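The values are calculated or read from the model by the stated rules, or taken from the named source; none is laboratory data. Note that the structure is a prediction, hence the values are computed from the model and not measured. Glycine also receives a Cβ, built like all others from the backbone with ideal geometry; neighbour counts cover every protein chain displayed.
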Amino acid sequence: AAGFDPERIRRDFPILQQEVNGHPLVYLDNAATTQKPEQVIDAISHYYRHDNANVHRGAHTLSDRSTLAFEQARETTARYINSPKSSQVIWVRGATEAINVVANSWGRSQLKPGDRILVSWLEHHSNIVPWQLIAAATGAEVVPVPVSGAGEIDLAALAELLDERVKLVAINHVSNALGTINPVTEITRMAHAAGARVMIDGAQAVAHLPVDVAAIGCDFYAFSGHKLFGPTGIGVLWGKEDVLEAMPPFLGGGEMIDTVSFSGSTWNTLPFKFEAGTPDIAGAIGLAAAIDYISGIDMAAAAAHELDLLQQSIELGAGIEGLKRIGSPAQSVGIYSFMIDGVHPSDLGMLLDQQGIAVRTGHHCTQPLMSHYGLPGTVRASYSLYNTAADVEQLFAGIRKAKRLFG
Ligand code: PMP
């Protein structure tokens, strides 16, 4: 995209300046996790070198500093997703934990036999299995919403399924396997009109799209810091205030209580009611540093650049015999999923790795989606703002070389 310089951005990411197996690293596994800029690594290191103390307990200076940085990180994160209040941002380990909190708190207290939870065929296992577990515990039922061959949610089928039995619609904002951007605002409107709550799994959206939870109108939104150039171990459950207020705690322990006695305990206010125990303080600070970092980048230009890389992949892929792209969503991020006739995805992945090219192979934690396509898995190149046209050329040179080796 015009005016966007991925080479300049690359220089902020020390891990990218290395050789792997004798070749310059070509990192194309950004949907699994993104790399971290110097600014994030420094923020975490600075915290441990200067400010480390437990939060919210402190009658001392370090604890005050740590608490301030931790709560400022929450505010930075709240602004990033346009949360009306920072108390609606609950720190969790990642998208997986966020969804499990909702299943175990909201789900366990609200669901009863005969109720339905709709999930799409596009979902990551983390937006399927927690619902299956809570369905088994409550007598509710998980019902899949069909997707098309292109890898888009069938909205007509969703409309058909939305009856009074449906209590929740759980959908990802962006598919990790195919890159599909789902019309989450429209889906939320449809679900709400039918009286259902909406959980959006935003794990793959936050690094590519502007996310505005208020505009989407959903009840819950989940994401992981590590897919947004932040550290692992920190993520966000966002919820509507009245919905969160009405939910019972999930984990019990320190920090989440107001009073504790043997005749019963009472709960702390939001967000602390859902944050039992010592949180990942450095993780939250690292995530805020990542958000500060990207706020200095034209993210719309970055997204356009990633789509250029996808387009380049589609064109180069069309020139390779036996290569088939899986899914072709009209609205997508820069994810290119494919397979090659007669070559197992994991064998191709191994040969690419020998050339320093990192891709993901396998089912991408989306086994129902792979069964929809009748595939064991795919090879997935997922692009980020620091990838270049040269990276994509390397990938296809690598694929051609691998094909020759397979005869
Ligand atoms: N949902 C989607 C769409 C994902 O891509 C991922 C990560 N691959 C997750 C959920 C789970 O995220 P985490 O493992 O960070 O909890």
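Cβ-Cβ contacts under 8 Å between residues 6 or more apart (or on different chains), taken from a first residue in the range 228-242 that is modelled with pLDDT under 95 to a second residue that is surrounded by fewer than 23 Cβ atoms within 10 Å (Cβ to Cβ), are absent. Cβ separations smaller than 7 Å between residues 6+ apart or across chains give the following pairs from the range 202-227 residues that are within 15 Å of the ligand (Cβ to nearest atom) to residues that are among the acidic types (Asp, Glu) and at pLDDT 95 or above: 208/306; 222/201.
Looking at this structure, is residue 239 within 16 Å of the ligand (Cβ to nearest atom) and surrounded by 23 or more Cβ atoms within 10 Å (Cβ to Cβ)? Judged against the criteria, residue 239 is not a match.
State which residue is modelled with the highest pLDDT when the search covers only the range 8-67 and only residues that are surrounded by fewer than 16 Cβ atoms within 10 Å (Cβ to Cβ), basic (Lys, Arg) and more than 18 Å from residue 292 (Cβ to Cβ). It comes out as 49. In the list 258, 280, which residue meets the criterion of being in contact (Cβ under 8 Å) with a residue 24 or more places away in the chain and surrounded by fewer than 22 Cβ atoms within 10 Å (Cβ to Cβ)? Just a single option satisfies the conditions, and that option is 280. Selection of first residues in the range 142-157 that are touching a residue at least 12 places away in the same chain (Cβ under 8 Å) and of second residues that are surrounded by 22 or more Cβ atoms within 10 Å (Cβ to Cβ) and in a helix (DSSP H, G or I), restricted to Cβ pairs under 8 Å at least 6 apart or on distinct chains, gives the following pairs, ordered by first then second residue: 142/131; 147/369; 151/369; 153/187; 155/187. I'm trying to understand the selection: among the residues of the range 143-157, which are closer than 18 Å to residue 167 by Cβ and either out of contact with any strand residue (DSSP E or B) (no Cβ under 8 Å at 6 or more places or on another chain) or within 16 Å of the ligand (Cβ to nearest atom) (or both)? Of everything in the range 143-157, those that are closer than 18 Å to residue 167 by Cβ and either out of contact with any strand residue (DSSP E or B) (no Cβ under 8 Å at 6 or more places or on another chain) or within 16 Å of the ligand (Cβ to nearest atom) (or both) turn out to be 144, 145.
Of all residue pairs spaced 6 or more apart or on separate chains, those with beta-carbon atoms under 7 Å, a first member in the range 343-359 that is within 12 Å of residue 381 (Cα to Cα) and a second member that is among the basic types (Lys, Arg) and not in a loop (DSSP other than H, G, I, E, B) are 359/380. Residues in the range 25-48 that are over 20 Å from residue 393 (Cα atoms), out of contact with any helix residue (DSSP H, G or I) (no Cβ under 6 Å at 6 or more places or on another chain) and not in a helix (DSSP H, G or I): 32, 36. Residues that are touching a Lys or Arg at 6+ places or on another chain (Cβ under 6 Å), away from the ligand (no atom under 16 Å from the Cβ) and small (Gly, Ala, Ser) are absent from the range 77-84 altogether.
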